[in-house]
Amino acid sequence: MNPLNNELQRRQFMAGIAKTALGVGLMPVTEHFFTGKAFAVGEGSATAKQVPTARNVIFLYMSGGQSHLDTWDPKPENKTVMGATKAIKTSADGVQISEYLPRTAKFMHHACVINSMATNTAAHEPANYFMHTSFGPRSTIKHPGMGAWLSMFQGPGNPALPPYVYVGNDSRHPGAGFLAKKHGPLMVNNPEAGLQNVKPQKGVTEDRFALRREISQGLDAEFQHQFDTRNVKAYADSYDDAVRLMRSEDLRAFDISQEPDDLRKAYGKDTFGQGCLLARRLVEHGVRFVEVSLGSWDTHVANFINTPRLCDTLDTALGALLGDLERRGLLGSTMVVVTSEFGRTPKINQNQGRDHYPVFSTVMFGGGIKGGIKYGKTTEDGSGVAEDKVGVPEFNATIGYALGLPLDQVIYSPSRRPFTVADKGQPLTHLFA
């Protein structure tokens with residue numbers, strides 16, 4: 001059978017051509033890949049749009065459920081729930097955080113700590129999805145993350161670079177959701193390795209590369225004509241984006257080896273620390289949304305051994321990042337967010353660990369946020385929200401508000417279902433300076 005007359009066999013054939021000619025592979029087929037006729041059709045007054053306070057977001061995600069009591073919401077008067085963890089003063093009057101975060105404590109005058117976060121689930125996968133999208137998971141649709149919304153509404157910050165980048169190894173990331181694939185993140189597993197497959201194979205001249213690209217486009221023309229949808233066009237455009245990136249001088253943004261050794265050491269010589277350094281380089285070059293993940297916060301066992309170790313990794317990188325952004329004059333225009341999918345129990349279990357809990361804390365630095373403040377309050381034992389409960393959609397709406405996104409504009413999915421950036425969440429506008 002001729003592979004060009006069979007969709008799946010032809011796809012396999014094209015994947016081989018792409019890999020051989022360009023050093024890239026095709027994205028996997030999704031359930032609605034060939035059926036979606038339109039990705040985004042907007043309507044509404046967009047009255048929630050405002051002048052942005054932040055141009056960039058660096059989103060630091062603590063995967064696994066970070067303990068709020070051992071980080072951002074210590075209860076120094078309650079030894080029963082605190083265990084071995086102690087609180088320390090910070091650069092912000094009246095704001096205390098865990099002793100495990102001494103470097104970050106020096107920058108809390110730039111921060112707003114939200115101690116009254118509450119989610120609707122304490123199961124990892126749905127809580128992770130909810131935090132990233134403001135929607136519960138559905139079997140029939142995938143919702144976009146904030147970086148995808150930013151790309152769709154405002155376009156890339158630098159046309160030569162991806163609209164946003166994810167640094168980590170979490171395959172559950174929602175990416176572009178139902179939006180066009182071009183709005184999804186570029187996934188970087190190892191920040192020290194830079195981007196792979198960005199140069200032609202050895203011996204392939206510029207002319208030969210152009211010829212191979214021309215052949216690839218010719219072979220694909222029939223398929224694009226047969227399936228003339230935005231989905232397929234966006235898929236084909238990804239090749240053009242890849243070639244543009246390969247030829248861009250801004251590709252050097254991904255090369256953290258250009259940074260001084262002492263600065264690289266200051267961030268921490270681990271994947272998360274180097275990922276934060278990469279994030280700073282990327283926002284300097286126009287990538288407006290960068291997420292960096294740090295996993296293993298699921299401390300059911302030995303919380304008071306594992307959490308200090310994890311906090312040291314976070315504290316080293318976050319302290320270096322905030323200082324670096326401040327020195328370069330970027331902290332005012334860059335919002336640094338630290339969050340997790342949920343918190344952990346005030347009760348210490350029999351394994352000296354903490355279990356899943358739907359109450360937790362988040363922190364925002366810079367990007368127009370009022371510094372040196374706490375918002376919301378938990379009970380004396382950290383088990384419930386005492387004041388100013390903040391849901392995940394409200395939190396994400398606040399990020400979208402900082403970026404100037406039209407929070408009330410309705411966008412339709414390919415199945416014609418209406419969605420907005422943060423579902424029904426309203427931004428916490430009073431947190432802005």
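The values are calculated or read from the model by the stated rules, or taken from the named source; none is laboratory data. For clarity, every value in this text was computed on a predicted model and none was experimentally measured. Glycine gets a Cβ as well: all are built from the backbone with ideal geometry, and neighbour counts include every protein chain shown.
If I filter segment 363-388 down to residues being surrounded by fewer than 20 Cβ atoms within 10 Å (Cβ to Cβ) and basic (Lys, Arg), which single residue comes out as farthest from Met131 (Cα to Cα)? For segment 363-388, the residue satisfying everything is Lys370.
If you go through segment 252-283 and keep only what is of a type outside the set (Ser, Thr, Tyr), free of Cβ contacts under 8 Å to residues at least 60 places away in the same chain and buried (at least 17 other Cβ atoms within 10 Å of the Cβ), you end up with Glu259, Arg264, Ala266, Gly268, Phe272, Gly273, Arg281. All conditions in (1) assigned to a helix (DSSP H, G or I); (2) at pLDDT below 80 hold for Gln196, with the sole exception of (1). In this structure, Gly391 does not satisfy being over 22 Å from the mean Cα position of the chain (by Cα), crowded, with 18+ Cβ neighbours inside 10 Å and closer than 20 Å to Val338 by Cα.
Scanning segment 345-362 for residues that are surrounded by 23 or more Cβ atoms within 10 Å (Cβ to Cβ) and either touching a strand residue (DSSP E or B) at 6+ places or on another chain (Cβ under 7 Å) or hydrophobic (A, V, I, L, M, F, W, C) (or both) returns Arg354, Val359, Phe360, Ser361, Thr362. Of all residue pairs spaced 6 or more apart or on separate chains, those with beta-carbon atoms under 6 Å, a first member in segment 314-329 that is touching a residue at least 12 places away in the same chain (Cβ under 8 Å) and crowded, with 21+ Cβ neighbours inside 10 Å and a second member that is in a helix (DSSP H, G or I) and aromatic (Phe, Trp, Tyr) are Ala317/Tyr267; Ala317/Phe272; Ala320/Tyr267. Screening Ala317, Ala302 for residues that are within 19 Å of the chain's Cα centre (by Cα) and of a type outside the set (Phe, Trp, Tyr) leaves exactly one candidate, Ala317.
Pairs meeting the criteria (first residue in segment 186-199 and closer than 22 Å to Arg172 by Cα, second residue at pLDDT below 95 and crowded, with 16+ Cβ neighbours inside 10 Å, beta carbons under 6 Å, at least 6 apart or on different chains) are Leu186/Pro162. When you check Thr53 against the structure, is it under 26 Å from Ala118 (Cα atoms), at pLDDT 50 or above and buried (at least 21 other Cβ atoms within 10 Å of the Cβ), yes or no? Against the criterion (under 26 Å from Ala118 (Cα atoms), at pLDDT 50 or above and buried (at least 21 other Cβ atoms within 10 Å of the Cβ)), Thr53 does not qualify. Would you mention how many residues in segment 60-100 are more than 13 Å from Trp297 (Cα to Cα) and of a type in the set (Phe, Trp, Tyr)? Of the residues in segment 60-100, 2 are more than 13 Å from Trp297 (Cα to Cα) and of a type in the set (Phe, Trp, Tyr). Summed over segment 60-91, residues that are in a loop (DSSP other than H, G, I, E, B), among the hydrophobic types (A, V, I, L, M, F, W, C) and more than 27 Å from the chain's Cα centre (by Cα) total 1. Note on segment 376-400: residues that are in contact with a strand residue (DSSP E or B) (Cβ under 9 Å, 6 or more places away or on another chain) and within 15 Å of Phe365 (Cα to Cα) amount to 3.
For (1) farther than 16 Å from Val57 by Cβ; (2) hydroxyl-bearing (Ser, Thr, Tyr); (3) modelled with pLDDT under 95; (4) not in a strand (DSSP E or B), each residue gets a yes or a no:
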| site | (1), (2), (3), (4) |
| --- | --- |
| Phe360 | yes, no, no, no |
| Glu380 | yes, no, no, yes |
| Thr398 | no, yes, no, yes |
| Tyr401 | no, yes, no, yes |
| His430 | yes, no, no, yes |
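Just to be sure I understand the filter: pairs with C-beta atoms under 8 Å, separated by 6 or more residues or on different chains, first member in segment 127-142 and in contact (Cβ under 8 Å) with a residue 60 or more places away in the chain, second member surrounded by fewer than 16 Cβ atoms within 10 Å (Cβ to Cβ). Which pairs pass? Matching pairs, first to second residue: Asn128/Asp170; Asn128/Arg172; Phe130/Asn120; Phe130/Gly136; Thr140/Ser415; Ile141/Ser415; Ile141/Arg417.
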